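K.L.:
My questions all concern the structure below.
The values are calculated or read from the model by the stated rules, or taken from the named source; none is laboratory data. Predicted model, so just to flag it, every value in this text is computed and none were measured. Cβ atoms come from the backbone with ideal geometry, glycine included; neighbour counts cover every protein chain shown.
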Amino acid sequence: MRRLKSIGAFWYDFVVGDDWRVAVVVVAVLALTALLVHAAGVNAWWLVPPCVLAALGWSLRRAVRRS
Amino acid sequence: MSALPLVLTVFVACAVEAVEALTIVLAAGLTREWRSTFQGMAAALAVLAVIVAALGPAITLLPLTALRLAVGALLAIFGLQWLRKAVLRASGHKSLHDEASAYLREVTAAKAATAESRGRVHDWYAFTLAFKGVLLEGLEVVFIVITFGASQRDVGAAAVGAAAAVAVVAVTGVAVRAPLARVPENAMKFAVGVMLTSFGMFWGAEGAGVSWPGGDAALLVLVPAVTLVALGYTVLLRRPSGPVSAPAPASQEVPSS
């Protein structure tokens, strides 16, 4: 069990890293984009870049405030 | 799309990781014993090769849309991690990675460890140090090779970029016989972070069903845009007092080869 936990922790740290909120934003924005494209027929190419870059700024601000 | 951006991104990402792995291998080899170090390194490279050989062809069997959505999300998350660290380091909120310092820490630990032989491995400490170092640094490279290569349907080109970087770093390391402390690691990590984030957004959105204006040419706007925003964050967050200093090494003595 402890081995499984440490493997899980390793992969979490490997992929997600220091700020899980960034990962949540990326997944949520891609899901919203898919919804807009397939349900509303909107070619929402403009949604992902500003949201992802804003998430980076948000994460950096949180890190700087903590340091 | 040309394979050049793929090969270059993988080359730079792999070179950064190879420099870090080289530091550990040199510490193990020069302080302990080269034979066990090479055994550890070879075992780790064999594990990494098996992962690429098994996952590479398997992942390319997935439908391209689903693959790009999953890989795009993963690459964007992974790239933002690199970019976040690079911006924090460049703006002085995180200490820069110092290969000379890392080398001295590894050397001090290696000197203090006792010698133990297991099976065909004469020095178990040197073996595990080299094995873990190469495997952990190599996993990031494998991740980039597989995701980037699979999305471009060209795992071979990605593997060539990775192999070339390992060869260049290894030859330089053998020639210098010291950690490559002068390599601008943070600038390289910044560049790789920009590429991974840009390609991640591009493929992720395509996988979600988006049709980019200009098709692949949209990357020619995305990559500079991500670069400019990340540089802007670096300037905005720059610490007036200068960068945070790297952790002090345990010893100031750098053993010669």
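K.L.:
Please specify each residue of the stretch B:35-57 satisfying the condition of being of a type outside the set (Val, Ile, Thr), in contact (Cβ under 8 Å) with a residue 40 or more places away in the chain and out of contact with any Asp or Glu (no Cβ under 7 Å at 6 or more places or on another chain). Walk me through how you get there before you give the answer.
P.N.:
Restricting attention to the stretch B:35-57, the residues satisfying the condition of being of a type outside the set (Val, Ile, Thr) are B:35-36, B:38-46, B:48-49, B:53-57.
So of that shortlist, the ones also in contact (Cβ under 8 Å) with a residue 40 or more places away in the chain come out as B:35-36, B:38-41, B:43-45, B:48, B:55-57.
Within the stretch B:35-57, B:ARG35, B:PHE38, B:GLN39, B:GLY40, B:MET41, B:ALA43, B:ALA44, B:LEU45, B:LEU48, B:LEU55, B:GLY56, B:PRO57 qualify.
K.L.:
Which one is farthest from the other protein chains (Cβ to nearest Cβ) among residues in the stretch B:168-194 that are over 25 Å from A:VAL25 (Cβ atoms) and basic (Lys, Arg)?
P.N.:
First, pick out the residues of the stretch B:168-194 that are over 25 Å from A:VAL25 (Cβ atoms): B:168-185, B:187-188.
Within this subset, residues satisfying the condition of being basic (Lys, Arg) are B:177, B:182.
Values: B:ARG177: 31, B:ARG182: 27 Å.
So the residue we want is B:ARG177.
K.L.:
Starting from the stretch B:81-99, take each residue that is at the interface with chain A (Cβ under 9 Å from one of its Cβ atoms) and list its partners that are at pLDDT 90 or above and part of a loop (DSSP other than H, G, I, E, B), counting only C-beta distances under 8 angstrom and pairs at least six apart or across chains.
P.N.:
Between residues of the stretch B:81-99 that are at the interface with chain A (Cβ under 9 Å from one of its Cβ atoms) and residues that are at pLDDT 90 or above and part of a loop (DSSP other than H, G, I, E, B), there is no close pair.
K.L.:
Looking at the stretch A:9-47, which of its residues are among the aliphatic types (A, V, I, L, M) and under 30 Å from B:GLU137 (Cβ atoms)?
P.N.:
Start the filter on the stretch A:9-47 by keeping residues that are among the aliphatic types (A, V, I, L, M), which leaves A:9, A:15-16, A:22-32, A:34-37, A:39-40, A:42, A:44, A:47.
Across the stretch A:9-47, the qualifying residues are A:ALA9, A:VAL15, A:VAL16, A:VAL22, A:ALA23, A:VAL24, A:VAL25, A:VAL26, A:VAL27, A:LEU30.
K.L.:
So which residues in the stretch A:20-67 are more than 7 Å from every other protein chain (Cβ to nearest Cβ) and not in a helix (DSSP H, G or I)?
P.N.:
Correct list: A:GLY41, A:VAL42, A:TRP46, A:LEU47.
K.L.:
Would you be able to say whether some residue in the stretch B:63-85 is surrounded by fewer than 22 Cβ atoms within 10 Å (Cβ to Cβ) and more than 30 Å from B:GLY204 (Cβ to Cβ)?
P.N.:
No, every residue in the stretch B:63-85 fails to be surrounded by fewer than 22 Cβ atoms within 10 Å (Cβ to Cβ) and more than 30 Å from B:GLY204 (Cβ to Cβ).
K.L.:
If I go through the stretch A:3-19 residue by residue, how many of them are without any contact (Cβ under 8 Å) to a residue 24 or more places away in the chain and among the charged types (D, E, K, R)? Outline the logic, then answer.
P.N.:
Filtering the stretch A:3-19 for residues without any contact (Cβ under 8 Å) to a residue 24 or more places away in the chain gives A:3-17.
Right, trim to among the charged types (D, E, K, R) and you get A:3, A:5, A:13.
Matching residues across the stretch A:3-19 total 3.
K.L.:
Give all pairs with beta carbons closer than 7 Å in which a residue from the stretch B:106-132 that is within 10 Å of B:GLN39 (Cβ to Cβ) meets a residue that is of a type in the set (Val, Ile, Thr); count only pairs at least 6 apart in sequence or on separate chains.
P.N.:
Note: pairs meeting the criteria are B:ALA126/B:THR37; B:PHE127/B:VAL121; B:ALA130/B:ILE24; B:ALA130/B:VAL25; B:ALA130/B:THR37.
K.L.:
Hey, among the residues in the stretch B:40-80 that are farther than 15 Å from B:ILE144 by Cα and within 14 Å of another protein chain (Cβ to nearest Cβ), which one's modelled with the highest pLDDT?
P.N.:
B:LEU69
K.L.:
Is it the case that the stretch B:69-81 has a residue that's more than 30 Å from B:GLU116 (Cβ to Cβ), over 16 Å from the mean Cα position of the chain (by Cα) and not small (Gly, Ala, Ser)?
P.N.:
The initial filter retains those residues of the stretch B:69-81 that are more than 30 Å from B:GLU116 (Cβ to Cβ), namely B:69-81.
From the residues that got through so far, the ones that are over 16 Å from the mean Cα position of the chain (by Cα) too are B:69-73.
Still in the running and not small (Gly, Ala, Ser): B:69, B:71.
There is at least one residue in the stretch B:69-81 that is more than 30 Å from B:GLU116 (Cβ to Cβ), over 16 Å from the mean Cα position of the chain (by Cα) and not small (Gly, Ala, Ser).
K.L.:
Is it fair to say B:ALA159 is under 14 Å from the mean Cα position of the chain (by Cα) and of a type in the set (Gly, Ala, Ser)? Break it down stepwise before answering.
P.N.:
Numbers: under 14 Å from the mean Cα position of the chain (by Cα): yes; of a type in the set (Gly, Ala, Ser): yes.
Taking the combined requirement at face value, the residue satisfies it.
K.L.:
Let me ask you something else. What are the pairs, 6+ residues apart or on separate chains, where a residue within the stretch B:60-74 that is hydroxyl-bearing (Ser, Thr, Tyr) has its Cβ under 7 Å from a residue that is in a helix (DSSP H, G or I)?
P.N.:
B:THR60/B:ALA150; B:THR60/B:VAL155; B:THR65/B:GLY207
K.L.:
If you go through the stretch B:81-108, how many residues are modelled with pLDDT of 90 or more and within 21 Å of B:ILE144 (Cα to Cα)?
P.N.:
Residues meeting the conditions: 6.
K.L.:
To continue, here is another question. Do you know which residues across the stretch B:195-241 are in contact (Cβ under 8 Å) with a residue 12 or more places away in the chain, surrounded by 22 or more Cβ atoms within 10 Å (Cβ to Cβ) and either more than 11 Å from chain A (Cβ to nearest Cβ) or not in a helix (DSSP H, G or I) (or both)?
P.N.:
Matches in the stretch B:195-241: B:MET195, B:LEU196, B:PHE199, B:ALA208.
K.L.:
Ok, one more. Based on what the data block shows, is B:THR31 over 25 Å from A:PHE14 (Cβ atoms), of a type in the set (Ser, Thr, Tyr) and within 14 Å of chain A (Cβ to nearest Cβ)?
P.N.:
Numbers: over 25 Å from A:PHE14 (Cβ atoms): yes; of a type in the set (Ser, Thr, Tyr): yes; within 14 Å of chain A (Cβ to nearest Cβ): no.
No.
K.L.:
Then there is this: Could you tell me whether B:ALA73 is out of contact with any helix residue (DSSP H, G or I) (no Cβ under 8 Å at 6 or more places or on another chain), within 30 Å of B:ALA158 (Cβ to Cβ) and of a type outside the set (S, T, N, Q)? If you could, list the steps in order and put the result at the bottom.
P.N.:
Values: out of contact with any helix residue (DSSP H, G or I) (no Cβ under 8 Å at 6 or more places or on another chain): no; within 30 Å of B:ALA158 (Cβ to Cβ): yes; of a type outside the set (S, T, N, Q): yes.
In short, no.
K.L.:
Where residues in the stretch A:18-67 are charged (D, E, K, R) and closer than 18 Å to B:THR197 by Cα, which of them is farthest from the chain's Cα centre (by Cα)?
P.N.:
Our first condition is that a residue be charged (D, E, K, R); within the stretch A:18-67, this holds for A:18-19, A:21, A:61-62, A:65-66.
Filter once more, keeping what is closer than 18 Å to B:THR197 by Cα: A:18-19, A:21.
Working: A:ASP18: 12, A:ASP19: 9, A:ARG21: 6 Å.
Checking each candidate, the answer is A:ASP18.
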